[in-house]
């Protein structure tokens, strides 16, 4: 057994390998295993007294990949900060992000960080599951297929959480290089931005729409740094009965594969996605998706769940069966007969069957007594279900092909054997210190044209060209849509929907993403992403006391001490700020080594990117608000303090100057109280419209509210709450965090002001005239006066 | 209490079955979602229902053409049962993909030999579009809609919704027989001939439309529900389903 030669398996000689030979084996086999890991594997097989075979090395490579195991996050990081000493983070994830969850210990957090997705309570009987994944590298190589399987994969994560959740919402956040990028800046072998953008958007559209899941939240972000390495974040929200949140695989249960067949597509996806993108990688690492197969699989799976036909379930994602079956059988042991796996075509070697990432496959643990019923149910809807093995009690992973053993590993070694990564991180402060930063120079008449440029900036402009291609109404639960108004006139801050049509409870989903702050200060970048996600959630009526967040890090070279230090700082902010808000993380994902070579051959990391996705439960969907102005004569209040925080702001982008100055800071204790009070104000009906302030500050938010509702505004921006006097340019365009513009009817003004005392300032009123006027009340000068038509036309410029 | 029995037919790729079922329930019917394989296996099943709804989605992925494969299943495997259903005056409703199915199976605008005389082609934009549209309800052979509003607002979500009749004569016949039920008003989102958004058979008991009435059966589904002028109305989608199941339809 495994000591004889067999045509089915290939032995890989590692026992006598030198360090360089071990590394060469890893590199040649696309295993992405480092020397330390190869040596641990060598030692394991020395003990067994034999060489490993292909399926065994592949299993370890998949299971230990950065994609599956979060090596960097789980490792030991020695962090050193210029002038502030050092600190050791033993498991960065546990000591920052997961620590928030643990310390807050919210009873409505039903499942966090241990399953395919996080689950929070929706009501007494139902939970809401949420997961966001990235599919960056596949989308760079093959945008349509890569992005389609990205959304397909995260939908399966939700189908595979607990005993299965019904997908009820998709979210997408994309980061691309701008279409206008000069071809000279596109490295050799990289697709032009136009092709990546169109392919990604079409791929997600065709898969998501066919699945019948509304896509009602997202963002599209442009920066040159994403030219060779676009970011494709796909998220799915699911609805799950409370009694289906836990899995319990038992010895004797059958291993059943359900759904699509297995082919040679997507081999090495997990390991490839953990490595840097280099020229010449074959696109066979990208899977081929088929949405209707997944829809069929979902249809029978949810029926089987409700009939209680299986005890364990997970999706086949990265690493294919090797990860899925390995994970389900981690506690028991499992035997798999690989020849039983239904194939798309003949000719796959056993190890290929084992690690293929072909799509639309789920793995179930089925008690033998239920097999017949499950098989009949699947047959009735034309879905293939096949027994491919059995869970054992020997704590071994036993792979066979036609009775012959083709791989045999101890489960403990597979799951616990990986050596921990030790890395160094060093932080020194950026060159542009706030004090030395220049102020933007303005002639007064420039304010209007600057606002128009901001509204037309691809990161701010309307994304109708994307949003309209996605079905955001299917399932019938939509309450607050991507755009306000019948004709989609203004951008809403978050989406609200009813996952159960017989309930007035809703779910709110929002996101925060500020890569442009990351260059100057990753700590405050992360803080602002959390603030923005929660601000958006609160702006539509959400409650931060029943909300949770997800982290998705996309980072550059994790071996580079400075990039790693930036990550540590971002994680530390995640702890400080989330804890300060009292909002737990429930799930997350990290993608490292998003690096590429620029046309001069220099290794570059992408902008430091942290997506924070927020989800919350809304008790009564009639207590939500949109962002469009609704009634002339209403008051417009600015909530929160405005400071001169233009570092990394979009003002610098449209002025075409390098980012400088202070990145917005979050004063979390104040922000938390303010968010809670605003939520109460919305609940009391004091608020007719609410819009969060983000890119472009007060000016952009006011313009959007005005053309969103087709009523003008006349505001004195010098009424804003400011801790220190600041110039007009900062009052108009600063991106200070934790701020909102709120429309309050005259009758509600006293109540509103009393409630938000110290946090709000009335700037002026909504006007019938379709003009936006922003004044400096002290000098009595009009800073900016623009007709709504012109503002709206700028915003509707297609990026 | 038991209302009229309404079957919501689904197959692989159908995806509006749950909300359509909910809309029927709100309208007073007793809905039941059934898989096509079940209906094909038991040919008597259909006759036990009063209303048949073919909901939206991407049946069989819209491979070949939107709705084509399910249309062929109906036309070649279930045609007698369906013809009897229609002849008895029971209603068949096709929404979005269901409309595409009914057209391609020859139940709309309807002829004895089930030949196809109209189609729903790619939108002029060449893209899938999801947004709200304004509609004008015509005075049509669907007299069960007579008591509903004349100005409707509903969302569309389709890539193949451009209504095209075979020729001018086909269109003239539809007009003459009052088979045009809905037209887009203001913006024609997909380039439909005559801005046609929905049609019925000559008897008015088979209807198909591209917009989604099941997505506007409660007030909070409307994009401007939070603006005061939209409160306190019976949403038009609910009016539609109440009419379809033969219950009170008043605006």
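The values are calculated or read from the model by the stated rules, or taken from the named source; none is laboratory data. Quantities reported herein were computed from a predicted structural model and do not represent experimental measurements. We place every Cβ from the backbone using ideal geometry, glycine too, and count neighbours over all the protein chains shown.
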query = Tally time: how many residues in region B:120-148 are within 14 Å of another protein chain (Cβ to nearest Cβ), part of a strand (DSSP E or B) and either under 15 Å from the mean Cα position of the chain (by Cα) or free of Cβ contacts under 8 Å to residues at least 60 places away in the same chain (or both)?
reply = 4
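In region A:650-689, which residues are part of a loop (DSSP other than H, G, I, E, B) and over 27 Å from the mean Cα position of the chain (by Cα)?
Within region A:650-689, the first condition is being part of a loop (DSSP other than H, G, I, E, B), and the residues that meet it are A:656-667, A:684-688.
Within region A:650-689, A:656, A:657, A:658, A:660, A:661, A:684, A:685, A:686, A:687, A:688 qualify.
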Top-ranked residue of region A:460-476 - restricted to ones that are more than 8 Å from every other protein chain (Cβ to nearest Cβ), touching a helix residue (DSSP H, G or I) at 6+ places or on another chain (Cβ under 9 Å) and part of a loop (DSSP other than H, G, I, E, B), ranked as surrounded by the fewest Cβ atoms within 10 Å (Cβ to Cβ) = A:461
message = If I ask for residues that are more than 12 Å from chain A (Cβ to nearest Cβ) and either crowded, with 24+ Cβ neighbours inside 10 Å or within 22 Å of residue A:500 (Cα to Cα) (or both), which ones from region B:4-23 would you list?
response = B:6, B:7, B:8, B:9
query = Among the residues of region A:424-442, is there at least one that is at pLDDT below 95, within 11 Å of chain B (Cβ to nearest Cβ) and either in contact with a strand residue (DSSP E or B) (Cβ under 9 Å, 6 or more places away or on another chain) or part of a loop (DSSP other than H, G, I, E, B) (or both)?
reply = no
ask   = Within region B:210-233, is even one residue in a loop (DSSP other than H, G, I, E, B), away from every other protein chain (no Cβ under 13 Å), more than 21 Å from residue A:214 (Cβ to Cβ) and out of contact with any helix residue (DSSP H, G or I) (no Cβ under 8 Å at 6 or more places or on another chain)?
value = no
Residue count for region A:383-401, restricted to those that are more than 17 Å from residue A:55 (Cβ to Cβ), under 34 Å from the mean Cα position of the chain (by Cα) and buried (at least 20 other Cβ atoms within 10 Å of the Cβ) = 3
query = In region B:149-178, what count of residues is obtained for those that are away from every other protein chain (no Cβ under 14 Å), buried (at least 17 other Cβ atoms within 10 Å of the Cβ) and not in a loop (DSSP other than H, G, I, E, B)?
reply = 5
query = Mind checking which residues of region B:27-36 are within 13 Å of chain A (Cβ to nearest Cβ) and either in a strand (DSSP E or B) or without any contact (Cβ under 8 Å) to a residue 12 or more places away in the chain (or both)?
reply = B:31, B:33, B:34, B:35
key: Residue count for region B:190-206, restricted to those that are outside any loop (DSSP other than H, G, I, E, B), in contact (Cβ under 8 Å) with a residue 60 or more places away in the chain and touching a helix residue (DSSP H, G or I) at 6+ places or on another chain (Cβ under 8 Å)   = 3
ask   = Hey, among the residues in region A:502-520 that are in a loop (DSSP other than H, G, I, E, B) and closer than 23 Å to residue A:539 by Cα, which one's modelled with the highest pLDDT?
value = A:505
inquiry  = Suppose we filter region A:483-495 for residues that are in contact with a helix residue (DSSP H, G or I) (Cβ under 8 Å, 6 or more places away or on another chain) and facing another protein chain (nearest Cβ under 9 Å); how many remain?
reply    = 4
query = Looking at region A:72-144, what helices (runs of 4 or more DSSP H) fall wholly within it and have at least 3 residues that are farther than 30 Å from residue A:229 by Cα?
reply = A:97-104
request  = Please tell me if residue A:22 is surrounded by 19 or more Cβ atoms within 10 Å (Cβ to Cβ), touching a helix residue (DSSP H, G or I) at 6+ places or on another chain (Cβ under 7 Å) and part of a helix (DSSP H, G or I).
outcome  = yes
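So, in region B:40-66, how many residues would count as being crowded, with 17+ Cβ neighbours inside 10 Å and free of Cβ contacts under 8 Å to residues at least 40 places away in the same chain? Outline the logic, then answer.
As a first pass, look at region B:40-66 and keep what is crowded, with 17+ Cβ neighbours inside 10 Å: B:46, B:49-62, B:66.
When the remaining residues are screened for being free of Cβ contacts under 8 Å to residues at least 40 places away in the same chain, the result is B:46.
The total comes to 1.
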inquiry  = Of everything in region B:91-119, what is in contact with a helix residue (DSSP H, G or I) (Cβ under 8 Å, 6 or more places away or on another chain), at negative phi and part of a loop (DSSP other than H, G, I, E, B)? Give them in sequence order.
reply    = B:105, B:107, B:108, B:109, B:116, B:117
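For region A:211-240, how many residues meet the condition of being out of contact with any strand residue (DSSP E or B) (no Cβ under 8 Å at 6 or more places or on another chain) and within 14 Å of chain B (Cβ to nearest Cβ)?
If we filter region A:211-240 for residues that are out of contact with any strand residue (DSSP E or B) (no Cβ under 8 Å at 6 or more places or on another chain), which is where we start, we get A:224.
Of the ones still in play, those that are also within 14 Å of chain B (Cβ to nearest Cβ) are none.
Residues flagged as out of contact with any strand residue (DSSP E or B) (no Cβ under 8 Å at 6 or more places or on another chain) and within 14 Å of chain B (Cβ to nearest Cβ) within region A:211-240 amount to 0.
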inquiry  = If I go through region B:44-90 residue by residue, how many of them are within 14 Å of chain A (Cβ to nearest Cβ), part of a helix (DSSP H, G or I) and touching a strand residue (DSSP E or B) at 6+ places or on another chain (Cβ under 9 Å)?
reply    = 2
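Per-residue answers, yes or no, for (1) assigned to a strand (DSSP E or B); (2) farther than 19 Å from residue A:406 by Cβ; (3) in contact with a helix residue (DSSP H, G or I) (Cβ under 9 Å, 6 or more places away or on another chain):
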{"position": "A:303", "(1), (2), (3)": "no, yes, yes"}
{"position": "A:310", "(1), (2), (3)": "no, yes, yes"}
{"position": "A:313", "(1), (2), (3)": "yes, yes, yes"}
{"position": "A:326", "(1), (2), (3)": "no, no, yes"}
{"position": "A:330", "(1), (2), (3)": "no, yes, yes"}
